[in-house]
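Written out below as structure tokens is the structure these notes cover.
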Amino acid sequence: MFMEERLGEILRRLEKDGSIRTADIQADFDVAADTARRDLRILETRGLLKRTHGGAVRPDSTLPKNYTPRDIKVVRPNYLAIAKRAVELINEGDVIYVTGASIGYFMAQNLPHDKHFTVLTNSIVIADLLRSYENITTVMPGGEMTPMGQFCDSLAEHFVADMRIDKAFLTSAGISAEYGMTVERTTGIGFMRAIVGSAGESIALYPSHKVGKVSTLRVCAANKFSRLITDSDVEDDQTGLFEELGVQVEILNA
């Protein structure tokens with residue numbers, strides 16, 4: 001789960017329960033104590049909660065009813081640079097898949113208006129953004145929606161398995177040359193594999209701190225990707241390993 005998604009879930013729990021403990025954030029989202037406290041600090045600066053000893057409470061009786069990642073104003077420069085570079089790879093008439101993660105959201109904000117193409121997304125947040133593009137045909141899979149507004153169950157998996165995708169723009173908890181693309185949880189892993197299987201070209205969008213990182217479960221091997229786009233903080237030995245597998249590595253200054 002990416003930061004924007006985690007912050008949204010924290011707010012939803014606050015709206016439901018009225019309070020949340022730092023220890024619960026650590027346990028439920030598998031993050032360190034410093035990360036949990038940072039999340040609460042970010043939300044407090046936006047007036048969305050009030051921190052207390054050991055957690056946080058709602059600042060008043062009501063939080064935003066339709067909270068989405070759009071309400072988070074933190075934009076990491078490297079994430080945005082990677083997203084903008086990915087957008088440059090879209091051609092007229094392409095059918096593309098855009099990840100439902102934060103980089104995918106930044107892609108959706110910067111898609112071209114002068115080309116006609118089709119976007120497959122399993123995120124209702126991204127799909128809502130795409131409504132403003134007259135040049136884009138938007139396709140969404142069906143199935144059961146997750147609390148984060150995504151479709152990634154077996155119904156969605158079967159849907160995308162029958163699609164022709166020219167380019168799939170993907171990211172996850174980590175990617176390494178040895179173990180490939182990895183995720184933290186089983187949710188949606190079959191869907192991601194189906195996307196890779198249907199894609200003529202899979203493009204990995206990973207900020208440098210996720211390159212070389214290995215998480216719990218493998219989605220696919222690294223050589224399933226034609227290209228890895230990352231930022232200039234990536235370690236040289238990591239890029240070399242990907243290039244040995246035939247993966248083109250693009251390093252951006254962000």
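A few remarks follow.
- Residues that are β-branched (Val, Ile, Thr) number at least 2 in the following strands (runs of 3 or more DSSP E) confined to region 86-183: 95-98, 117-120, 136-139, 180-183.
- Residue that is farthest from GLY100 (Cα to Cα) [pool: residues in region 197-218 that are of a type in the set (Ser, Thr, Tyr) and not in a loop (DSSP other than H, G, I, E, B)]: SER208
- Within region 242-251, if we keep just the residues that are in contact (Cβ under 8 Å) with a residue 60 or more places away in the chain and surrounded by fewer than 18 Cβ atoms within 10 Å (Cβ to Cβ), the residue that is nearest to LYS224 (Cα to Cα) turns out to be LEU245.
- When region 213-228 is filtered for residues that are surrounded by fewer than 22 Cβ atoms within 10 Å (Cβ to Cβ) and either of a type in the set (Ser, Thr, Tyr) or closer than 21 Å to PHE29 by Cα (or both), the ones remaining, listed by number, are LYS213, VAL214, SER215, THR216, LEU217, ARG218, SER226.
- Within region 222-254, considering residues that are farther than 24 Å from VAL87 by Cα and in a loop (DSSP other than H, G, I, E, B), the one farthest from the chain's Cα centre (by Cα): LEU245
Conditions tested, residue by residue: (1) farther than 23 Å from GLN150 by Cα; (2) without any contact (Cβ under 8 Å) to a residue 40 or more places away in the chain; (3) of a type in the set (Val, Ile, Thr).
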site	(1), (2), (3)
GLU4	no, no, no
LEU7	no, no, no
ARG13	no, yes, no
ALA27	no, yes, no
ASP30	no, no, no
ASP34	yes, yes, no
GLU44	yes, yes, no
LEU49	yes, yes, no
GLY54	yes, yes, no
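- Note on region 154-209: residues that are at pLDDT below 95 and in contact with a Gly (Cβ under 6 Å, 6 or more places away or on another chain) amount to 0.
- Residue check, ASP162 touching a residue at least 40 places away in the same chain (Cβ under 8 Å) and acidic (Asp, Glu): no
The values are calculated or read from the model by the stated rules, or taken from the named source; none is laboratory data. Fair warning: this is a prediction, and the values are worked out from it, not measured in the lab. Cβ: placed from backbone, ideal geometry, glycine included. Neighbour counts: every protein chain shown.
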